[in-house]
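Peer 1: Dumping the structure here so I can ask a few things about it.
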Amino acid sequence: MPIFIKDIITAKNITNVDLEQEKILVEKWPGKYTFVLQRNSKCKIYGVKKDTIALRIPDYKFLNVLLEKIDRPLAQTSANISGKPAGLGVKEILNQFLGKKNQPDILIDAGDLPVGQASTIIDLTSNKFNILRD
């Protein structure tokens, strides 16, 4: 599950970012780019058990303010049931989950999301620049 973070410093604290990777991150963030990086062995994020972690600095004012205020990484996912289109507004999201066993624990209404494309996911864990989702 990808993780939203507030800045490059946070990325460097929880991953092993080299200079070449840092150049790529600085060029693409904030924005619709999620990067898979080698997780720092000292990094303890609840639920993260793999040696890698997917990070993103969003380019969305509400999320950036929230991340700054909570000063912690934030797990993120689409607001939809698998296979269904992502919800763009609270009513649409709630309607998808109406009567379902697993429902969101909390929804924060910051207005409707703009229609957009999912983020590009790029694996930077090897010497090869590997695009996982474009």
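Peer 1: So, of the residues in the stretch 82-128 that are of a type in the set (A, V, I, L, M) and loosely packed, with under 15 Cβ neighbours inside 10 Å, which turns out to be modelled with the lowest pLDDT?
Peer 2: My answer is VAL115.
Peer 1: Taking the stretch 82-134 only, how many residues are closer than 21 Å to TRP29 by Cβ, aliphatic (A, V, I, L, M) and in a loop (DSSP other than H, G, I, E, B)?
Peer 2: The number of residues fulfilling the criteria is 4.
Peer 1: Please go through the stretch 6-24 and give me each residue that is touching a residue at least 24 places away in the same chain (Cβ under 8 Å) and more than 15 Å from THR52 (Cβ to Cβ), ordered by number.
Peer 2: LYS6, ASP7, ILE8, THR10, ASN13, ILE24
Peer 1: Separate question: Regarding ILE3, is this residue within 24 Å of THR77 (Cβ to Cβ) and either surrounded by 15 or more Cβ atoms within 10 Å (Cβ to Cβ) or modelled with pLDDT of 90 or more (or both)?
Peer 2: Here the answer is yes, as ILE3 does meet what is asked.
Peer 1: Would you please name the residue that is surrounded by the most Cβ atoms within 10 Å (Cβ to Cβ), looking only at residues in the stretch 71-81 that are closer than 14 Å to ILE3 by Cα and of a type outside the set (Ser, Thr, Tyr)?
Peer 2: Across the stretch 71-81, the extreme among qualifying residues is PRO73.
Peer 1: Here is a follow-up. Across the stretch 29-45, what is the total count of residues that are under 14 Å from PRO2 (Cβ atoms), outside any loop (DSSP other than H, G, I, E, B) and in contact (Cβ under 8 Å) with a residue 60 or more places away in the chain?
Peer 2: Matching residues across the stretch 29-45 total 5.
Peer 1: Suppose we filter the stretch 84-134 for residues that are over 26 Å from PHE35 (Cβ atoms), aliphatic (A, V, I, L, M) and touching an Asp or Glu at 6+ places or on another chain (Cβ under 9 Å); how many remain?
Peer 2: 1
Peer 1: Restricting to the stretch 101-134, and then to whatever is of a type in the set (Gly, Ala, Ser) and within 17 Å of PHE4 (Cβ to Cβ), can you tell me which residue is nearest to the chain's Cα centre (by Cα)?
Peer 2: This residue is SER119.
Peer 1: Being modelled with pLDDT of 90 or more and surrounded by fewer than 16 Cβ atoms within 10 Å (Cβ to Cβ) is the filter here, so list the residues in the stretch 33-59 that pass it.
Peer 2: THR52, ASP59
The values are calculated or read from the model by the stated rules, or taken from the named source; none is laboratory data. It should be emphasised that the depicted structure is a prediction, and the values quoted were computed from it without experimental measurement. Heads up, the Cβs are rebuilt from the backbone with ideal geometry, glycines too, and the neighbour counts pull from every protein chain shown.
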